[in-house]
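Below is one structure; the comments refer to it alone.
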Number of protein chains: 2
Amino acid sequence: MMTTVKPLTDLEIAMQAELRPITEIAKVAGIPEEALEQYGKYKGKIDPNLIAPQGDDAKVVLVTAISPTPAGEGKSTVTVGLADALHQLDQKVMVALREPSLGPVMGIKGGAAGGGHAQVVPMEDINLHFTGDLHAISTANNALAAIIDNHIHQGNALQIDPRRIIWKRVVDLNDRALRNVVVGLGGPAQGMPREDGFDITVASEIMAVFCLATSLTDLQERLANIVIGYTFEKEPVFVRDLQVEGALTLLLKEAFKPNLVQTLEGTPAIIHGGPFANIAHGCNSIMATQTARKLADIVVTEAGFGSDLGAEKFMNIKARMGQFKPSAVVVVATIRALKMHGGIAKSDLAQENVAALQQGMANLAKHVDIIRTFGVEPIIALNRFITDTEAELQAVLDWCATENIRIARTNVWEQGGEGGIALAQQVLQVIEQENEFHVLYDVTESIEQKVTTIVQRIYGGAGVQFGEKAKKQIQQIEQYGWDILPICMAKTQYSLSDQPQLLGRPEGFTVTIREIIPKLGAGFLVCLTGDILTMPGLPKQPAALHMGVTADGKAKGLF
Amino acid sequence: MMTTVKPLTDLEIAMQAELRPITEIAKVAGIPEEALEQYGKYKGKIDPNLIAPQGDDAKVVLVTAISPTPAGEGKSTVTVGLADALHQLDQKVMVALREPSLGPVMGIKGGAAGGGHAQVVPMEDINLHFTGDLHAISTANNALAAIIDNHIHQGNALQIDPRRIIWKRVVDLNDRALRNVVVGLGGPAQGMPREDGFDITVASEIMAVFCLATSLTDLQERLANIVIGYTFEKEPVFVRDLQVEGALTLLLKEAFKPNLVQTLEGTPAIIHGGPFANIAHGCNSIMATQTARKLADIVVTEAGFGSDLGAEKFMNIKARMGQFKPSAVVVVATIRALKMHGGIAKSDLAQENVAALQQGMANLAKHVDIIRTFGVEPIIALNRFITDTEAELQAVLDWCATENIRIARTNVWEQGGEGGIALAQQVLQVIEQENEFHVLYDVTESIEQKVTTIVQRIYGGAGVQFGEKAKKQIQQIEQYGWDILPICMAKTQYSLSDQPQLLGRPEGFTVTIREIIPKLGAGFLVCLTGDILTMPGLPKQPAALHMGVTADGKAKGLF
């Protein structure tokens, strides 16, 4: 890495690897032959009904991070590297990750399959269509939209108000021109004109439903519960009123089976589901985590963004609904990112700056506190970057020693599992002990109470203000009896507060809730603190411009 | 069938069948192990580059039909049944079919996988997502659309006129509300507002390109040649100007490999690609047909609608571009459909009516003539239906004897391959002999000349009239030098003329060409004779309302 030789890209590393047939990986994972459906030579789907549980003792290790910065922290890379390290230590381990969306792949960069020597493979397949799960979700989402517009066109027996339809269409692409559209133009034979919009597929409520359902039956019930809009009398209209929960379940039934792949080191990996971490909960599917728990002794998994978002929702939403608990939590941090939290610009990160680093460690300290709030022992993964200096590294280690916080240095991008052995050893120590994991609130508390708990105990804010619209919505939600659901906060990931520019560890701030969107299928109430972009745009030079296929049919231009 | 017991549905028959693992089917077909990628237990993709040709002698048998009627003819069913019959006669045979679109499946009825005991299986997978090819095509189509709108939003260096973009977005659903939309609303950050529309995926030019490309390199070249719109100076803008032909090829590279499945009798079947038969050419991919020709001695395939549309394009477009020739053509007809051509209403078809039948045979006679025009010997498959009477059947047989036309009765829906043995024996006789197959026109002829040839020699019309718009377009097309392409007629399938109500064998009519759309990627000029619906709508009671999943995860409600 110190020479002038250009380092290999993630795609080059992934494509040089000698992959093992997925049938062999399935054997390593203890998956019976009849439960594996191959998708090509290196991917498979697992029928969870054909996996016998080995007991309910499998430990879940969650990997989360400090508040993300443009410097990058490498959370997925550490997740994969930790699993590989545990594998090297002869543990029966699986890693469970989210599926990447095609939008960012074609837009800015490759997917969420780790990096360097800590990747899941086949990288190019995982980032392009994979086993078609996101396409199935897009199709189910858009079939529902077509059914809604057709219902209105064919006489509107349910009296759906075209102005109050909240169900949007989706594509799994970054396409800003579809954010706000008018559909149904062209005269009476072409449907009812109305305002509409497209989200990216990972923002679909069906993606959230897909990831929180605990069985095919539960999937169908959750789909039936989705509210698609309101009648002229302002009564909610559910999917079950349209009678298409069966068809939507049918469209999703194969996708609902978790996908098996491998890491570069042959550790079995499940990649399944990938909801947004703002308007949804940002974790892979419960089916994936629970299937991995049936097969392995340790399941390493991750959640989106920092611990204030991903880990909070992992605990309060996913673990609650999936009825399991995390045995340890890894908080990924880098010297570079901590220096950004200490006020240094991205262009100056290469210079040693211990003072800025120490200031930025306040952000890390808060994330450690968040994990402890849930009764779980945090372990910091200090993820190495080439520009880190010994003085900087030592400053973090010293602080951890003073504060009595577990820490391990990782170098998995360069070394794979070997670079994660120290972290793995810490994890093994922590999961040996029972912890006192608990969710932070009871769903029967009021909406105001639940949100206040999150803001004060997780974000470290002073309090919560509910805007006029949100207040009105709370009334309506209580009237329908929908208030007894967990909260899904939609907040900037860049700050612990709701103001993206407040890095480090802000205090005394008030979080404003502008809008509350009930997601009855997913089973949570989304609380918006600002505008959340549910359809990204493409940059001026999209990554797609550099993509292609080699003469022998191999991918090129993926990162 | 004569008892009051409710006959099994296609889905029930398909699900009762004992399927053979796709690895075994691959062995039967002579596909080497390394060339098969499994997609589940009963589907696979074939890497055509790993299939050695066995010589270029494999015969292609095309199955076409009389002008379709609401009575149904059973073309796909006969195609599958004929292949099964040839298989029973120990021929090395494969069947090559189109992939069904999800739109009609969710809308009106099941897919295009045959019926009764002459089906391709797994029926439910083939009709739902299959191996994801259509999703890959939708994604490529919509990625291109996003790139176009992003290009305009980011400064519009190419000076694309937003009013003159001809590239539409697609979904693989019936969704009339998307036919005419306005995108880019919401202010300057959300793109440039403009009129747009969605087609169903099978109407995408990328589907046509996908089906006519002869290699991955050819695929990329064809994609690069697609015209997406015009500049403010009215100059054409190509995909290559946007530099995304590489990314689109990458999105399609796995889908481009033909899919292997089996018939209910274990005959190897390739199902790949499925373009519209009006604004496109309506045949499965050249890759599929050519891969099947490398593996088998006889390839049975079909083309959309009647011989005036599907077969004409099969000959003049697909066979020309794929550089192969059909050795025999089967024309499917039923007594019921012929009686409809003789003027009988659908509700009266159960009654014997030899006079109406004889009148309707004029339609069949014309389709026989069409096939002979190409220098190929037609064989009529008289596909049995329960209400046929002996007098009616005899009338058709007598007429064929008088006119010296080959005919065989088929009963494959009820009997599978056994019900197609007589047809198979006729086919074997015909393909023994060299024929004088030739395409009907040279691409260097003028547009007017090529269209006139099709109208006079195929449709039996008196002549062609070009509307004002079409005339102007011909000038423009000639100016760009795009006139030296084959013609893809977009005409009603219900009549040999361009007027749907003219059943039987109309004569003396003039066909009006209203519009000509150059499809430079596909490599043909679409000539529209009327409004062609490229986005179907859902009926009042969509089939989706009856679909679902059984407790053990099986599909229900597919037809």
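The values are calculated or read from the model by the stated rules, or taken from the named source; none is laboratory data. Note that the structure is a prediction, hence the values are computed from the model and not measured. Note that we place each Cβ from the backbone using ideal geometry, even for glycine, and neighbour counts take in every protein chain shown. Accessible surface is based on the protein model in full, side chains and every heavy atom, while ligands, DNA and RNA are left aside. Shrake-Rupley method; radii C 1.70, N 1.55, O 1.52, S 1.80 Å.
Checking A:241, A:218 one by one, the residue that is in a helix (DSSP H, G or I), surrounded by fewer than 20 Cβ atoms within 10 Å (Cβ to Cβ) and within 23 Å of the chain's Cα centre (by Cα) is A:218 and no other.
Being more than 7 Å from every other protein chain (Cβ to nearest Cβ), out of contact with any strand residue (DSSP E or B) (no Cβ under 9 Å at 6 or more places or on another chain), aliphatic (A, V, I, L, M) and closer than 25 Å to residue B:129 by Cβ narrows it down to one of A:140, A:208, so name that one.
Being more than 7 Å from every other protein chain (Cβ to nearest Cβ), out of contact with any strand residue (DSSP E or B) (no Cβ under 9 Å at 6 or more places or on another chain), aliphatic (A, V, I, L, M) and closer than 25 Å to residue B:129 by Cβ holds for just one of A:140, A:208, which is A:140.
Looking only at residues that are at the interface with chain B (Cβ under 9 Å from one of its Cβ atoms) and not in a loop (DSSP other than H, G, I, E, B) in segment A:517-559, which one is nearest to residue A:122 (Cα to Cα)? Filtering first and then ranking leaves A:555.
Would a scan of segment A:251-273 turn up a residue that is under 19 Å from residue A:151 (Cβ atoms) and open to solvent by less than 10 Å² (accessible area, probe 1.4 Å)? Before you say what the answer is, go through the steps one by one.
If we filter segment A:251-273 for residues that are under 19 Å from residue A:151 (Cβ atoms), which is where we start, we get A:251.
Within this subset, residues satisfying the condition of being open to solvent by less than 10 Å² (accessible area, probe 1.4 Å) are A:251.
Yes, segment A:251-273 contains a residue that is under 19 Å from residue A:151 (Cβ atoms) and open to solvent by less than 10 Å² (accessible area, probe 1.4 Å).
As a summary of the residue check, residue B:119 satisfies the conditions (1) in contact (Cβ under 8 Å) with a residue 40 or more places away in the chain; (2) open to solvent by 10 Å² or more (accessible area, probe 1.4 Å); (3) of a type in the set (S, T, N, Q) except for the one numbered (2).
Here the condition is being open to solvent by 40 Å² or more (accessible area, probe 1.4 Å), farther than 23 Å from residue A:316 by Cβ and among the hydrophobic types (A, V, I, L, M, F, W, C); of A:422, A:462, it holds for A:422 alone.
The set of residues from segment A:156-175 being away from chain B (no Cβ under 11 Å) and part of a loop (DSSP other than H, G, I, E, B) comprises A:156, A:158, A:159, A:166, A:167, A:168. If you check residue A:173 against the conditions, is it more than 19 Å from residue A:258 (Cβ to Cβ), of a type outside the set (D, E, K, R) and within 18 Å of the chain's Cα centre (by Cα)? In short, yes. Restricting the search to strands (runs of 3 or more DSSP E) fully inside segment B:1-96 and requiring at least 2 residues that are open to solvent by less than 10 Å² (accessible area, probe 1.4 Å) and under 27 Å from residue B:337 (Cβ atoms) gives B:59-65. Of the residues making up segment A:436-472, those that are out of contact with any Leu (no Cβ under 7 Å at 6 or more places or on another chain), closer than 23 Å to residue A:304 by Cβ and part of a loop (DSSP other than H, G, I, E, B) are A:437, A:438, A:439, A:440, A:441, A:461.
Per the conditions (1) more than 8 Å from chain A (Cβ to nearest Cβ); (2) open to solvent by 40 Å² or more (accessible area, probe 1.4 Å); (3) modelled with pLDDT of 95 or more, the sole criterion not satisfied by residue B:134 is (2). Scanning segment B:484-504 for residues that are surrounded by fewer than 20 Cβ atoms within 10 Å (Cβ to Cβ) and touching a helix residue (DSSP H, G or I) at 6+ places or on another chain (Cβ under 7 Å) yields a single hit, B:493. Within the set B:145, B:113, B:140, the sole residue that is closer than 26 Å to residue B:254 by Cβ, open to solvent by less than 10 Å² (accessible area, probe 1.4 Å), within 17 Å of the chain's Cα centre (by Cα) and touching a residue at least 24 places away in the same chain (Cβ under 8 Å) turns out to be B:113.
Of everything in segment B:176-199 that is within 11 Å of chain A (Cβ to nearest Cβ) and in a strand (DSSP E or B), the residue that is most open to solvent (accessible area, probe 1.4 Å) is B:195.
Open to solvent by less than 30 Å² (accessible area, probe 1.4 Å) and in contact with a His (Cβ under 9 Å, 6 or more places away or on another chain): is that true of residue B:356 in this structure? So that I can check it myself, show each step before the final result.
Details: open to solvent by less than 30 Å² (accessible area, probe 1.4 Å): yes; in contact with a His (Cβ under 9 Å, 6 or more places away or on another chain): yes.
Yes; evaluated as a whole, the condition is true for this residue.
Considering B:381, B:424, B:408, the condition of being small (Gly, Ala, Ser) and over 17 Å from residue B:336 (Cα atoms) is satisfied by B:424 alone. Whenever a residue of segment B:529-554 is outside the structural domain of residue B:124 (by TED's automatic domain parsing), its partners that are of a type in the set (D, E, K, R) and open to solvent by 40 Å² or more (accessible area, probe 1.4 Å), lying with C-beta atoms within less than 6 angstrom and at least six residues away or across chains, give the pairs B:548/B:556; B:550/B:556. Filtering segment B:221-238 to residues that are open to solvent by 20 Å² or more (accessible area, probe 1.4 Å) and out of contact with any strand residue (DSSP E or B) (no Cβ under 7 Å at 6 or more places or on another chain) leaves B:221, B:222, B:233, B:234, B:235. Within segment A:473-492, is even one residue part of a loop (DSSP other than H, G, I, E, B), more than 14 Å from chain B (Cβ to nearest Cβ) and over 25 Å from residue A:234 (Cα atoms)? Scanning segment A:473-492, I find at least one residue that is part of a loop (DSSP other than H, G, I, E, B), more than 14 Å from chain B (Cβ to nearest Cβ) and over 25 Å from residue A:234 (Cα atoms), so the answer is yes.
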